[in-house]
Every structure is written in structure tokens, then in C-alpha cells.
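Notes to accompany the following structure.
Any read-out appearing in this document is the output of simple, stated calculations on the displayed coordinates, not a laboratory observation. Here the structure is a predicted model, which means the values were calculated and not measured. Cβ coordinates were reconstructed from backbone atoms using ideal geometry, including for glycine residues, and neighbour counts include every protein chain displayed.
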Amino acid sequence: MNQPPRHLLQIEGLHPPQIAAMLNVAESYVLLNRSGKTQRDLLRGRTLINLFFEDSTRTRTSFELAGKRLGADVINMSVSTSSVNKGETLLDTAATLNAMHCDLLVVRHDQSGAPALLAQKVDAAVINAGDGTHEHPTQALLDALTIRRRRGRLEGLVVAICGDILHSRVARSNIHLLTTMGSQVRVIGPPTLIPPEAERLGVTVFHDMQRGLEGADIVMALRLQKERMARGLVPSAREFFRFYGLDAAKLAWAKPDALVMHPGPMNRGVEIDSAVADDPAHSVIREQVEMGVAVRMAVLDLLSRRSRRND
Ligand code: CP
């Protein structure tokens, strides 16, 4: 049951022991990173390709760092200067990379399901680095690691995820992970930004920030994803901030020691106020970024164990 999956395409369907095992391995990489050491023998001779069809700062950089700290040869393929621009399809791109014998393929794509499609076509282990509005599994793992390190557990915690849930792959992965691990998850947002199937995912839906935040241990603010909105789903950023932007007054409705999280990139003054984002008494946003490297090292380590055993 705690066997690592062959690919990491989504959190949905993973069992608690599999998630716990990934977090435990990631924990050891937090300590390694803090000691300033690396483990370059682990993936020596392995090739990791970062294939990002959408912009990224944190995910792409941390996969690159993670691969290098474990000794892999890391290639960042720039899609904007690749033959994708000449009309090459996703599957032909995959076949090309497959012919180069890549071991680990990290994929971000604006279409939900693109990494799963690639996983059927390549020999490499495929890691979903965010696909459309579907999932962003390593983000949920790093969020869980951040919470677990701060609170010592995930079970029984009340986690409020606020804002644009409808377009958020981060929200989906977090909902699957946190409910699987026994947290109580609430989603808070205007009706236009809550997916119709939300309650079927095991969360409680709130449209009122005060009611949703009362008693919350963790408050996770999400970016308003205007690029995925086909039409105006909120009247204006100013209106959104007034009702759903996380500021000190709204945070006071949560538990006094509530942790504030945001996956980044942040739109300050839209979904979160700078005073809250930068408040060291509550904000763990920088720590999330640190955990991102450790989690990605753990995922590369675990997914390559199968092929390392066959060497
Ligand atoms: N959280 C996240 O996925 O950030 P990037 O888009 O910068 O990778």
C-alpha cells in the first residue's frame, strides 16, 4: 500500500500510507538541504527533463534544484523556443524526448490530462507539475509537509481554502490530500468561483468569510486566476478583496495561531493583503517554497527507485 506510484499524475487515488511515505522521505531532504549537503550519487547518470508549456517560477526552479542536488542531468526545455512553435504535437514531442531516453519527465500544461496522456506514451516516469484546472500534486505535498512540520499532524485540523477554487488545481490536489489524511477542509468563495461538485469532494462550502474562517487552524489563500476565466466571474479585483481578500481583520476570525499559506504567485491586494502575507507570526509562505525543493527531491527519489532497482 505504501509502494510509490510509477508516475505522479494526481493525488486523487493515493492511499494515506503512500502520502505519509512521501512526506517522510521529504522530511529527510529538508534536513539534508538545511545541512548544505547534497546526495549527488543518487540520480547520477539519470536525465530529468522539465517540460513546461505554462509559466512557472517556483515549480520549475525547485525541480531543477532537486534534480541537481540528487546528481541528475537536468534539461529545462523552453517550449517557447521549441518545435512546438512550429506545430509539433504534444505526442510527437513526447516521442522525441522518449527517443533520447529521459528517465524523469516533469510536465506542466494548460490542458487537464496532458501529463496522463504523455505517461501512456513514454518510458520515463512522468510527474504532473500542474495540468489545467485538474491537479498540482507536488504543491499539495509541499503544503502538507509545511503544515505537518508546524502542527505535527494533518488529522483533525480545520483547513480553510479561500478564493478562486473553481480554476485551482492547487485546491483540488489539496482537497484530495487533506481529506485523505483526515483534515476537515472548508472552501470559501463567491458562488461563481466554487465548483458545482465541491461538496462531493468531501469539503464544506462557505460563501461568507467570517463563517468559513471561524475556528480554522490553517488559512490558504488562492490566486484569482483571471487567465482561466472565460468571462467575468467577479465584479472587480477591488470588490473581491473587500469580501474575500485575506487581511488582518478577516484573519482574526480564524484561530489566534492560524497559519497563513499561499501557493504563489501572489496578487497582493487582491486575494491577500501584504501585511498578512509578510507577517512572520502567521505566514509560512516562504517555508512552503523551501518545502517545495525537499518534496520534489523526495518525488524524484521515490519514482526512480523502480528503475534504480533494475540497474
Ligand atoms: N505554486 C506554483 O505552482 O508556482 P509557480 O507557478 O511559480 O510554479
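Of Ala99, Ala254, Ala216, the residue with the greatest mean-square motion in the GNM of the chain, using alpha carbon springs below 10 Å, is Ala99.
Each principal axis of the Cα cloud of the stretch 1-72 was evaluated for its coordinate range; sorted largest first, these ranges are 33, 30, 23 Å. The HN-Hα couplings worked out from phi for the stretch 45-54 by the Karplus form 6.51 cos²θ - 1.76 cosθ + 1.60 (θ = phi - 60°) are x, 9, 10, 10, 10, 8, 10, 10, 8, 10 Hz, whole numbers, x standing for Gly and Pro.
Can you return the lysines within cross-link range of Lys86? Criterion is Cα-Cα under 29 Å, with same-chain partners fewer than 8 residues away left out. Candidates past the 8-residue exclusion: Lys121, Lys226. Sort the stretch 168-219 into rounded, prolate or oblate with this rule: let a ≥ b ≥ c be the square roots of the eigenvalues of the Cα gyration tensor; rounded if a/c is under 1.5, and if a/c is not under 1.5, prolate when a/b is larger than b/c, oblate otherwise. It comes out oblate by the Cα gyration axes. Partners of Lys255 within straight-line reach, counting aspartates and glutamates whose Cα lies under 15 Å from its Cα and excluding those fewer than 8 residues away in the same chain: Glu214, Asp217, Asp247.
A straight Cα-to-Cα reach below 20 Å connects Lys37 with the lysines Lys68, residues fewer than 8 places away in its own chain not being considered.
At R0 = 25 Å, how high is the FRET efficiency between Arg150 and Leu32 if r is their beta carbon distance? Nearest 0.05 is fine. Mind showing how you got there, number by number?
Values: r = 20 Å, r/R0 = 0.79.
Taking R0 as 25 Å, the efficiency between Arg150 and Leu32 is 0.80.
Sparse packing (at most 10 other Cβ atoms within 10 Å of the Cβ) combined with a DSSP loop state is found for the following trypsin sites (Lys or Arg not before Pro) in the stretch 212-249: Arg231. Ellipsoid semi-axes for the chain, based on the Cα gyration tensor and the rule √(5λ), read 32, 22, 17 Å when sorted largest first. Couplings 3J(HN,Hα) for the stretch 145-150, derived from phi with the Karplus relation 6.51 cos²θ - 1.76 cosθ + 1.60 (θ = phi - 60°), are 5, 4, 5, 4, 5, 7 Hz, where x marks Gly and Pro.
In terms of the Cα gyration tensor, with a ≥ b ≥ c the square roots of its eigenvalues, is the stretch 213-310 rounded because a/c is under 1.5, prolate because a/b exceeds b/c, or oblate?
Working: a/c = 2.97, a/b = 1.64, b/c = 1.82.
In terms of gyration-tensor shape, oblate.
Cα centroids of the stretch 133-182 and the stretch 205-275: 15 Å apart. Among 107-113, 169-175, the peptide with the highest mean count of other Cβ atoms within 10 Å heads the list, and the full ranking is 169-175, 107-113. Placing a label point 7 Å from the Cα of Ala20 along the Cα-to-Cβ direction, the residues of the stretch 152-180 whose backbone N falls under 18 Å from that point are 152-157, 177-180.
Rounded, prolate or oblate: pick one for the stretch 50-182, where a ≥ b ≥ c are the square roots of the eigenvalues of its C-alpha gyration tensor, a/c under 1.5 means rounded, and failing that, prolate if a/b is larger than b/c, else oblate. It comes out prolate by the Cα gyration axes. Placing unit charges on each Cβ (+1 for Lys and Arg, -1 for Asp and Glu) gives the stretch 161-311 a dipole about its Cα centre, and among Phe243, Pro280, His167 the Cα reaching farthest toward its positive end belongs to His167.
Local charge for Val74 was computed over the other residues whose Cβ lies under 13 Å away, with Lys and Arg +1 and Asp and Glu -1, and equals +4.
Here the 3J(HN,Hα) profile of the stretch 171-181, calculated from phi with Karplus coefficients 6.51, -1.76 and 1.60 at θ = phi - 60°, is 4, 4, 5, 5, 4, 4, 5, 5, 5, 4, 8 Hz, Gly and Pro shown as x. Under 10 Å, Cα contacts only: if you run a Gaussian network model on the chain, which one of Ala281, Ala124, Ala66 comes out with the highest mean-square fluctuation? Between Ala281, Ala124, Ala66, it is Ala281 that shows the largest mean-square fluctuation.
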